[in-house]
Amino acid sequence: MKLHRDAPNSRSLVTGYGPGYVAINSREHRSSLILLPGRVEPWRPGRFDDLAASDVEAILALAPEILLLGTGLRQRFPKPALLRPLIEAGIGHEIMDLPAACRTFNILMAEGRNVAAALILETE
């Protein structure tokens, strides 16, 4: 019996991460991004402190069922006013550090969920 690794090209799978980078399908990205099951979108905030209402609006436009906000190397919580549009739109959200957001994205994507991971890639 031959076994083949499942590597569907249509899904965005986190295959690695570390300080300042995340690998999607083995391709390294070194700037913040929004990860969806079928694509990767650039995202503006370069640091957690740069997170603004317009960044949340970019996520709303993608209409995910669940948002995983990866806040960099450590878990940090944005101001509640920034999250209010997500609540009003009925989008579930979790705030996590980058590694937890990457792992959770892979699990939820494998379950077929309409998930987005907004990942802030910081080196400090």
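Hey, among the residues in segment 7-28 that are among the small types (G, A, S) and either over 17 Å from T104 (Cα atoms) or touching a His at 6+ places or on another chain (Cβ under 7 Å) (or both), which one's modelled with the lowest pLDDT? If you could, list the steps in order and put the result at the bottom.
Step one: filter segment 7-28 for residues among the small types (G, A, S), giving 7, 10, 12, 16, 18, 20, 23, 26.
Checking which are either over 17 Å from T104 (Cα atoms) or touching a His at 6+ places or on another chain (Cβ under 7 Å) (or both) leaves us with 7, 10, 20, 26.
Values: A7: 51, S10: 73, G20: 89, S26: 96.
Among them, the one singled out is A7.
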message: I need the full set of residues from segment 11-46 which are among the hydroxyl-bearing types (S, T, Y) and buried (at least 16 other Cβ atoms within 10 Å of the Cβ), in order please.
response: S12, Y17, S32
task: Identify all residues within segment 59-100 that are buried (at least 17 other Cβ atoms within 10 Å of the Cβ) and at pLDDT below 95; write none if there are none.
output: G72, L73
query: Taking helices (runs of 4 or more DSSP H) that do not extend beyond segment 1-120, which have at least 3 residues that are touching a residue at least 40 places away in the same chain (Cβ under 8 Å) and either in contact with a Lys or Arg (Cβ under 6 Å, 6 or more places away or on another chain) or not hydroxyl-bearing (S, T, Y) (or both)?
result: 98-110
query: Could you say which residue among L86, L35 is of a type outside the set (K, R), within 11 Å of the chain's Cα centre (by Cα) and farther than 13 Å from E122 by Cα?
result: L35
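The values are calculated or read from the model by the stated rules, or taken from the named source; none is laboratory data. The model shown is predicted, which means the values in this text are computed figures rather than measured ones. Please note: Cβ atoms are built from the backbone with ideal geometry, for glycine as well, and neighbour counts cover all protein chains shown.
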